[in-house]
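This is the structure I want to talk about, given as structure tokens.
The values are calculated or read from the model by the stated rules, or taken from the named source; none is laboratory data. Every value quoted in this text rests on a predicted model; they were computed, and no experiment measured them. As a convention, Cβ positions derive from the backbone with ideal geometry for all residues, glycine included, and neighbour counts pool all protein chains shown. For accessibility, only protein heavy atoms count, side chains too; no ligands or nucleic acids. Shrake-Rupley method; radii C 1.70, N 1.55, O 1.52, S 1.80 Å.
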Amino acid sequence: MKLAIVCYPTYGGSGVVATELAMHLADRGHDVHMVSYEIPFRMDRFRPNLMFHAVDVGDYPLFRYPPYTLNLTNKLIEVVEEHGVEIIHSHYAIPHAASAWMARQVLREKEPRKDVKLACTLHGTDITLVGRERGFYELTRFAMNHQDLLTTPSAWLSAETDRHFGTKPGTVRAIPNFVDLERFKPDPTKAARQCLAPDDYKVITHVSNFRPVKRVDEVVRAFAVLRRHHKAVLALVGDGPELPKAEHLARELGVRGDLRILGQQKPEPILQASDLFLLPSRAESFGLSALEAMACGCPVLGYAAGGLPEVVEDGVTGLLCPEGSDLCLGTLAAGLLSDEPRYQAMRLAARARAELFAAGPIVDQYERALLALLVQQSASAG
Ligand code: GMT
């Protein structure tokens, strides 16, 4: 198939999933055109049938806010016409789903016999937060309801989409996130550990884009509880608006000296050196970072909220607390680290569970769902 994949190129789960999917589909022989405002950070393998098209927003002085949605729409029209693209697959609804729909409307007028199909993977805050804002809601709902295929990473997010956007129950398909099990795997040498802390310290890790939804303050509070029972450091990987607040809170709680603020970098070596991973988001649609941690054999602690329980098996591959209870997180984390047999069993179970989210079978699900759109198309044409 000939496919355009539209995504955000920056660090973040939706861009990772979109780019990894693009590379896998290209490996399978499909022609894939990535469309974004810059090259996605995970796009590190090049193939003749994997192309990147930059959306240029220009800099006309009249525009206080560059109309990116229009530039993206025009780029999609161009890519479809020049490369015979059959499907536009948007990742994250805003504004991608609306641009894709507008591009199709224009193309329908120009060439009524060819009809590009639209797919959109809803990733999380496009449904739980941003998409519900008054300034986005109506158009997002409209654009979503005009896609030929909608997917989400969890059954929980599919149900939320039905509840808030009026999609018909059973029509929004849950296709989970996936992980590269060779890239994210346990490292018995834990090579990065010596750079993080002395041998007798535990390494607790959080990886995110440090937005409010990640509740980084609760990561720090839970760590402070755990720190009363164990020598430990808290490794923070990534960057974002909540990071300075987290640092300030750590100072207030007397654990600033135990923070390791590592910034934006490849998480693999740090996850491999970690004893526990904390992800106390309120509404994580899936939690790709939790899956990556588990693939490295690192148990995950978070809340029984959103899609996280579909990834982390409570008591088996990690521990889930009632939403908002950082005291519970810290206490359970401390207890787990004191129970070596239970902890080691959990490390093995975490890796085993991550293996259920191997890329191959999950890319199969996307591939089948996308190819089915073309079968529908040729059936209706015939
Ligand atoms: O919804 C977002 O905030 C965007 C997105 C991203 O780019 O970080 O994150 C979401 O997509 C990931 C990939 O599908 C999921 O694993 C994350 O759970 C999800 N984030 C949230 O739901 C907060």
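How high is the relative contact order of the stretch 193-357, in percent, with contacts defined as C-alpha pairs under 8 Å that are six or more residues apart?
Values: 327 pairs, mean separation 38.3, N = 165.
After rounding, I find 23 percent.
Can I ask one more? Under 15 Å Cα to Cα from Lys202, which aspartates and glutamates show up? Leave out anything in the same chain fewer than 8 places away.
Cross-link targets: Asp258, Asp275, Asp339, Glu340.
Kindly write out, for the stretch 359-373 in residue order, the coupling ³J(HN,Hα) from the Karplus curve 6.51 cos²θ - 1.76 cosθ + 1.60 (θ = phi - 60°), rounded to whole Hz, with x marking Gly and Pro.
4, x, x, 7, 4, 3, 4, 4, 4, 5, 5, 6, 4, 4, 5
Report, by chain and number, residues whose modeled amide H sits under 5 Å from the one on Tyr37, excluding near sequence neighbours (fewer than 5 apart, same chain).
So Tyr37 has HN proximity to Val55.
Here is a follow-up. Pick from Pro244, Pro153, Pro48 the residue whose mean-square fluctuation is largest in a GNM of the chain, springs joining Cα atoms under 10 Å.
In the Gaussian network model the winner is Pro48.
Could you tally the net charge around Val213, taking each other residue with its Cβ under 11 Å from the Cβ of Val213, Lys/Arg +1 and Asp/Glu -1? Numbers along the way, then the final one.
On the way: positive: Arg211, Lys214, Arg215, Arg282; negative: Glu242, Glu284.
For residues surrounding Val213, the net value is +2.
A follow-up question, please. Based solely on its DSSP helices, what 222 nm [θ] is calculated for the chain when runs of n ≥ 4 H residues each add -39,500 (n - 2.57) and the sum is averaged over all residues, nearest 500 deg cm²/dmol?
Working: 14 runs with 160 residues, N = 382.
The helix contribution divided over the chain gives -13000 deg cm²/dmol.
Related question: How large is the accessible surface per residue of the chain, computed with a 1.4 Å probe and reported in Å² as a whole number?
Working: 16360 Å² over 382 residues.
The answer is 43 Å² per residue.
Could you let me know the centre-to-centre spacing of the stretch 130-205 and the stretch 240-265, using Cα atoms, in angstrom?
24 Å
Give me the net charge for the shell around Leu291: Cβ to Cβ below 14 angstrom, other residues only, Lys and Arg +1, Asp and Glu -1. Don't skip to the answer; put the middle values down first.
Working: positive: Arg183, Lys185, Arg351, Arg353; negative: Glu20, Asp180, Glu268, Glu284, Glu292, Glu310, Glu313, Glu355.
For residues surrounding Leu291, the net value is -4.
Just to confirm a number: summing +1 for Lys and Arg and -1 for Asp and Glu over residues other than His164 whose beta-carbon lies under 15 angstrom from that of His164, what do you get?
Working: positive: Arg132, Arg134, Arg141, Arg163, Lys168; negative: Asp126, Glu133, Glu138, Glu160, Asp162.
After counting each charged neighbour, the total is 0.
From the phi of every residue in the stretch 127-139, what ³J(HN,Hα) in whole Hz does the Karplus formula 6.51 cos²θ - 1.76 cosθ + 1.60 yield, where θ is phi - 60° and glycine or proline is x?
Once θ is set to phi - 60°, the couplings for the stretch 127-139 become 9, 7, 9, 4, x, 8, 5, 3, x, 10, 3, 4, 5 Hz.
Also, quick follow-up: Output wanted: per-residue J couplings in Hz (rounded whole) for the stretch 328-340, from phi through Karplus 6.51 cos²θ - 1.76 cosθ + 1.60, θ = phi - 60°, x for Gly and Pro.
Once rounded to whole Hz, the list reads 4, 4, x, 5, 5, 4, 4, x, 4, 5, 8, 10, 4.
With the chain treated as a Gaussian network of Cα nodes joined by springs under 10 Å, which of Gly306, Gly318, Gly84 yields the largest mean-square fluctuation?
Answer for the Gaussian network model of the chain: Gly84.
Taking N as the number of residues in the stretch 70-218, what value does Rg over Cα atoms divided by 2.2 N^0.38 Å take? Kindly include the intermediate steps, with their values, before the conclusion.
Working: Rg = 20.3 Å, N = 149, 2.2 N^0.38 = 14.7 Å.
With N residues counted in the stretch 70-218, Rg over 2.2 N^0.38 Å equals 1.38.
Then there is this: Around Gly318, which amide H atoms from residues at least 5 apart in sequence, or from another chain, sit under 5 Å from its own amide H, with H modelled in the peptide plane?
Sorted by chain and number, the residues that satisfy this are Val300, Glu313.
Quick one: dipole size for the chain, taken about the Cα centre, charges +1 on Lys/Arg Cβ and -1 on Asp/Glu Cβ, in debye to the nearest 20. Please list the in-between numbers first.
Values: 42 positive and 46 negative charges, 61 e Å.
Using only the charged Cβ atoms, the result is roughly 300 debye.
Looking at the chain, what % of the alpha carbon pairs are farther apart than 35 Å? Display every interim value, and only then the final one.
Working: 20544 of 72771 pairs.
Here the tail beyond 35 Å accounts for 28 percent of pairs.
Send over the per residue convex hull volume for the stretch 193-357, Cα only, as a whole number of Å³.
Values: hull volume 15.5 nm³, N = 165.
Expressed per residue, the convex hull around the Cα atoms of the stretch 193-357 is 94 Å³.
Let me ask something additional. Of Val116, Val80, Val106, which has the largest mean-square fluctuation in a 10 Å C-alpha GNM of the chain?
Val106
What is the percent carbon and sulfur in the accessible area of the chain, measuring with a 1.4 Å probe over the protein chains and ignoring ligands? Could you put the intermediate results ahead of the total?
Details: 8870 of 16360 Å².
Reported share for carbon and sulfur atoms: 54 percent.
Same structure, new question: Check Phe286: other-chain or 5+ apart residues with amide H under 5 Å from its amide H, H built from backbone geometry?
Gly307
With a Förster radius of 25 Å, plug the Cβ-Cβ distance of Tyr68 and Leu253 into 1/(1 + (r/R0)^6) and report the FRET value to the nearest 0.05.
On the way: r = 40 Å, r/R0 = 1.62.
The pair Tyr68/Leu253 has a calculated efficiency of 0.05.
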